[in-house]
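The values are calculated or read from the model by the stated rules, or taken from the named source; none is laboratory data. Only a predicted model underlies this, so the values are computations on that prediction, with no experimental measurement involved. Here the Cβ is made from the backbone with ideal geometry for all residues, glycine too, and neighbour counts use every protein chain on show.
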Amino acid sequence: MLIPRIYNIHDQAITIEFAAEISEETNLHVIALQHDLESNPFKGFIECVPAYGSLTVYFSEQVSAASVRLLLSDLSDQVSNTSLATKGKQISMPVCYDTSLGIDLPWVSSHLDLSMEEIISLHTSVVYRVYMIGFIPGFPYMGTLPERLGVPRKQTPSLKIPMGSVAIAGKQTGIYPAEVPGGWQVIGRTPLKMFDTTTSACSFLNTGDLVTFMPITLDAFNQYS
């Protein structure tokens, strides 16, 4: 049973933290609690924001921080005694690993002493859990990478990472939903749009989704355009 730590961010936001490390069990607790709160919001509830091992709950002046803390404590006990099955989508994500798009693939290959084919094979060999959305809207933090693909972040971040870039760092993989500066190692690119304000669900991926990467050719990638 996970014993959470509950603390105030400010007078209208409280975080409940189950653990600080990347863990599927912990993340399932976070998702289950998020679903409970969003399905049965309390008076004054505004929103909740999930992270790897914690959930931050925002609320209005209609409710006291003390009552929210008590509610979260009670709900976390209920979550611990129920099924933690996730309702996330299962998604096959097309990715082109051509070096014209996966601009850091040659460096990763040299650093890990693996061929580019081996890197692609490893990256597409597992199912990744979306642990959280953060950094910028629509950016999914996914894990866990095969151990052999662990690489450091760039010592000097790139000023412009193209939209759709698939990158790795540490034990994680992610997808840049917009052209922004970034420090992860880019090994490919997906033609799918990760964040779109014209759709009802702006973020293509959500916490709890399960993602597999499917390699496609450069010609196939260009046909999406």
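Given GLY138, GLY88, which one is within 24 Å of the chain's Cα centre (by Cα), on the phi < 0 side of the Ramachandran plot and outside any strand (DSSP E or B)?
Selected residue: GLY88, the only one of GLY138, GLY88 that is within 24 Å of the chain's Cα centre (by Cα), on the phi < 0 side of the Ramachandran plot and outside any strand (DSSP E or B).
Tell me the residue from LYS89, LYS160 that is of a type outside the set (A, V, I, L, M) and under 28 Å from ALA32 (Cα atoms), please.
Criteria check complete, one pass: LYS89.
Quickly run through the range 115-135 and pick out the residues that are at pLDDT 95 or above and outside any loop (DSSP other than H, G, I, E, B).
MET116, GLU117, GLU118, ILE119, ILE120, SER121, LEU122, HIS123, TYR128
Could you tell me which of the residues VAL108, VAL68 is surrounded by 15 or more Cβ atoms within 10 Å (Cβ to Cβ), under 24 Å from the mean Cα position of the chain (by Cα) and part of a helix (DSSP H, G or I)?
So the residue among VAL108, VAL68 that is surrounded by 15 or more Cβ atoms within 10 Å (Cβ to Cβ), under 24 Å from the mean Cα position of the chain (by Cα) and part of a helix (DSSP H, G or I) is VAL108.
Of everything in the range 178-201 that's in a loop (DSSP other than H, G, I, E, B) and touching a strand residue (DSSP E or B) at 6+ places or on another chain (Cβ under 6 Å), which residue is surrounded by the fewest Cβ atoms within 10 Å (Cβ to Cβ)?
GLU179
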